[in-house]
1. Hey, can you rank 76-85, 122-131, 170-179 by average C-beta count inside 10 Å, highest first?
2. Can you spot the aspartates and glutamates whose alpha carbon is less than 12 Å from residue 188's alpha carbon? Ignore those fewer than 8 places along the same chain.
3. Tell me whether segment 177-325 comes out rounded, prolate or oblate; compute the Cα gyration tensor, take square roots of the eigenvalues as a ≥ b ≥ c, and use a/c under 1.5 as the rounded threshold.
4. Using only Cα atoms, locate the centre of segment 270-296 and the centre of segment 218-248, then give the distance between them in Å, rounded to an integer.
5. Among the complete DSSP H segments of the chain, which ones combine at least 15 Å of alpha-carbon extent along their axis with a mean Kyte-Doolittle hydropathy of -1.0 or more?
6. Which of the three applies to segment 129-245, rounded, prolate or oblate, going by the alpha-carbon gyration tensor with a ≥ b ≥ c and a/c under 1.5 meaning rounded?
7. So which trypsin sites (Lys or Arg not before Pro) in segment 62-137 end up in coil per DSSP with only 12 or fewer other C-beta atoms within 10 Å?
8. Mean residue ellipticity at 222 nm from the helices of the chain, using -39,500 (n - 2.57) per DSSP H segment of n ≥ 4 over the full residue count, to the nearest 500 deg cm²/dmol?
Amino acid sequence: MTDLTRRRLTQAALGAAVLGAPRLGLAQAAWPARPIRLICPWPAGGATDAVMRALGESAGKALGATFVVENKPGASGMLGPNELVQARPDGYTLSQLTIGIVRLPHMQKMQFDPLKDFTFVACLTGYTFGLVVKADSPVKSVAELVAYAKANPEKFTYGSPGIGTTPHLAVEEFASRAGIKLQHVPFKGFADGMQSLLGGHTMAHSDSTGWAPHVDAGTARLLATYGSRRTKRWPNVPTLQELGYETLADSPFGIGGPRGMDAAITKRLHDAFKSTLEDPAVLATFDKYDQTVIYLNSDDYGRFLREQYAREKAVIDRLGLAAKT
């Protein structure tokens, strides 16, 4: 090959690179070119549904895009993460990710590997959980619940939004510490569980604060919450921790997508969702459901979940709920 030929090839390659650069930039600038699917893996009408819709609307404004919230309830909140395994990593399919993604793999076979199959966008908030009974229940305190359960093993029934969810495991942890056995009844989400409680089919319900209107209206009684301190909204209600049962359940959640998402798109999504944490409409929705801002950026969120994966294994093993091999 002559020097002249080499020079011409080099010039052609440089020219192609220069011509290609604007096209790449235009392609990235065009995203998002269509609505973004945001999966809420819980039923419509519940607390998480309301929060996800507020987040989607606010993030959509920040991106100049439309988020379409799709409810896929069931499987303890895992139908959204399951969808991500099959989705293209183009930034058009996202889901809420709960602590369940690093807990349930210790309890049963899952469709995903939580440490490999997701792109973590941001952690945004977390739930307040509590245990409620009907207002006319003879059980008026945690102490009375424990006394009843000791006298009637496995006769006290309680609902939760699914096996392996934080509201389920918090009660199992409490029961273990109290030396009692309760009967767990899993539901697809809050609405079904609360309907069962109010209809007299279950004796208690453990969940996030979708039950708050019933407590405030006097149709349900809040026995305890699971956080590290009493809530601002119900300052007279004790925590399980302060009652001596060493049960603490805070459950941050965030947004994720399929593994392999373009870093630039992930950054734009992160920035849009981070901006929602300064939106008065979003903060009002958080406040309505007694949620606080729990922000972690993409890297820190991934690191937190990897560390939580190990912590969850220890809890599952201690409660004897690990998958049998």
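What follows draws every value from the coordinates through simple rules; no lab data is involved. Note that this is a predicted model, so its numbers are computed, not measured. Positions of Cβ are backbone-derived with ideal geometry, glycine not excepted, and every protein chain shown enters the neighbour counts.
1. Taking the mean over residues of other Cβ atoms within 10 Å, the ranking is 122-131, 76-85, 170-179.
2. By straight Cα distance, residue 188 reaches 207.
3. Working: a/c = 1.90, a/b = 1.34, b/c = 1.42.
Oblate, because a/c is 1.5 or more while a/b does not exceed b/c.
4. The distance from the Cα centre of segment 270-296 to that of segment 218-248 comes to 23 Å.
5. Numbers: long enough: 3-30 (41 Å, 0.31); 47-63 (24 Å, 0.29); 166-178 (18 Å, -0.12); 263-276 (20 Å, -0.34); 298-319 (31 Å, -1.09).
Flagged H segments are 3-30, 47-63, 166-178, 263-276.
6. Values: a/c = 1.25, a/b = 1.04, b/c = 1.19.
Rounded, because the longest to shortest axis ratio a/c is under 1.5.
7. On the way: sites: 103, 109, 116, 134; in loops: 109, 116.
For trypsin sites (Lys or Arg not before Pro) across segment 62-137 that sit outside H, G, I, E and B with at most 12 neighbouring Cβ atoms in 10 Å, the list reads 109, 116.
8. Working: 11 runs with 140 residues, N = 325.
For the chain, the value works out to -13500 deg cm²/dmol.
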